[in-house]
Amino acid sequence: MANSGSAKTRVTVKTQTMRELMFASGGRCAMTDCRLPLTSPTGGWIGTVAHIVAAEQDGPRGNSPLTPKERAEFSNLMLMCATHGRDVDAPDTGEANYPVELLTVMKQRHEAKVNEAITAAIEQDQSGVKTATGAIDTELRPAKSATTAEGLLESLGWDSEPADDISNFVDLLNSVGDELQRFSQLALETLSQLLHIWVQDCPVDPKVGLTLGDPSDRGPYIPKYNVDNRIRNASVFRAGLRELDARGVVEVIRDDEAGTVEYCFRDKWRLKMGKAGYDFNFWIATAYFLHESFGVPIQDWLLGLDFTIYDRLAPPAAKVSWR
């Protein structure tokens, strides 16, 4: 995509990198919920290359220490349709609506979904029976560890705590990543979908926007009927739910007196600081931080497990509730 400023610092994307991007994206736009193909019926290229960090310093999201060469590498590039490419790089709104963190998660999730679809197709023969290669998921999910958790700490009001307490908090946060990366892909996908339903059902306040609940509460809770009436493959869902239950993450709670049945996130990872005694719900606190700071849905973040996002402060343009 074109960026304003001197062309002298811009590095052309290599042909090999373009091939890698095309394979990784499945030839589809990486924008969430856009499935437009990037080639015409006759094979012509109709997509565009989007830079997560702009190709040049004065472009959208260009204020970064990345070198011109690094800005033209695979990890900083996404393929998009022409419409969404223009949206991402719009001079007035591109950076505000599509910060680096949101585009990074978007790229990770899109490429992961493409890879999963290709792997499933390869592992299934013409008879429809999966080969032994794909019978067991033996991979660890890739997870990136937080270093300072500065952004998340600011959102919780804990950014001025003693250094030792902050170090312990970061270790606690990364221990969540260590455990989540051991989940099967099925369990992570099931957890992501449950989080998606929870966020969808949260009310939107005209003044403050999406309200996810009190970060000091337990939960989240989702009415069982609201999940069950959306299930497309009951056996697959039950298998994912069994693992989540066994790992102590999600359970079904029945209240006979109230006549309710709910899926409950057990919140086994309470976020604590020092000896203060006050703690926060991992799911609600991180969902607020991701949404208000960068517009990243927690269900999309979960599939990438990039804990470095919690190191980053919410940008000045973000109207976060903790400032």
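The values are calculated or read from the model by the stated rules, or taken from the named source; none is laboratory data. Remember, it's a predicted structure, so these values are computed and weren't measured experimentally. Cβ atoms come from the backbone with ideal geometry, glycine included; neighbour counts cover every protein chain shown. Calculation scope for accessible area: heavy atoms of the full protein, side chains included, ligands and nucleic acids excluded. Shrake-Rupley method; radii C 1.70, N 1.55, O 1.52, S 1.80 Å.
Listed values, structure above:
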| quantity | calculated |
| --- | --- |
| Residue-by-residue Karplus 3J(HN,Hα) for the range 218-223, coefficients 6.51, -1.76, 1.60, Hz, glycine and proline x | 8, x, x, 10, 10, x |
| Eligible lysines near Lys113 by straight Cα distance, threshold 24 Å, same-chain separation 8 or greater | Lys130, Lys144 |
| Probe 1.4 Å, protein heavy atoms only - accessible area per residue of the chain in square angstrom | 54 Å² |
| Length added when fully stretched, Arg86-Trp322, from 0.36 nm per residue minus Cα-Cα | 81.8 nm |
| Loop trypsin sites (Lys or Arg not before Pro), the range 259-305, which have at most 11 other Cβ atoms in a 10 Å radius of their Cβ (DSSP) | Lys268, Lys275 |
| Residue among Thr211, Thr15, Thr104 with the largest mean-square fluctuation in a Gaussian network model of the chain, springs linking Cα atoms under 10 Å | Thr15 |
| Amide H partners (placed H, <5 Å) of Leu305, local residues excluded | none |
| About the Cα centre, charge dipole magnitude for the range 176-323 (Lys/Arg +1, Asp/Glu -1 at Cβ), debye | 240 debye |
| Within-14-Å neighbourhood charge of Pro162 [Cβ basis; K, R +1; D, E -1] | -2 |
| Amide proton proximity set for Thr39, modelled H, under 5 Å, gap of 5+ | Ile46 |
| Expected 222 nm ellipticity per residue - DSSP helices of 4 or more, -39500 (n - 2.57), all of the chain, to 500 | -12000 deg cm²/dmol |
| Percent accessible area from carbon and sulfur atoms, the range 188-272, protein chains only, probe 1.4 Å | 48 percent |
| Listed residues Ala146, Ala163, Ala287, most fluctuating in the chain (Gaussian network, C-alpha, under 10 Å) | Ala163 |
| Residue with peak Gaussian network fluctuation, the chain [Cα springs, cutoff 10 Å], from Ala96, Ala285, Ala246 | Ala246 |
| Distance between the range 21-65 and the range 291-306 - C-alpha centres, whole angstrom | 20 Å |
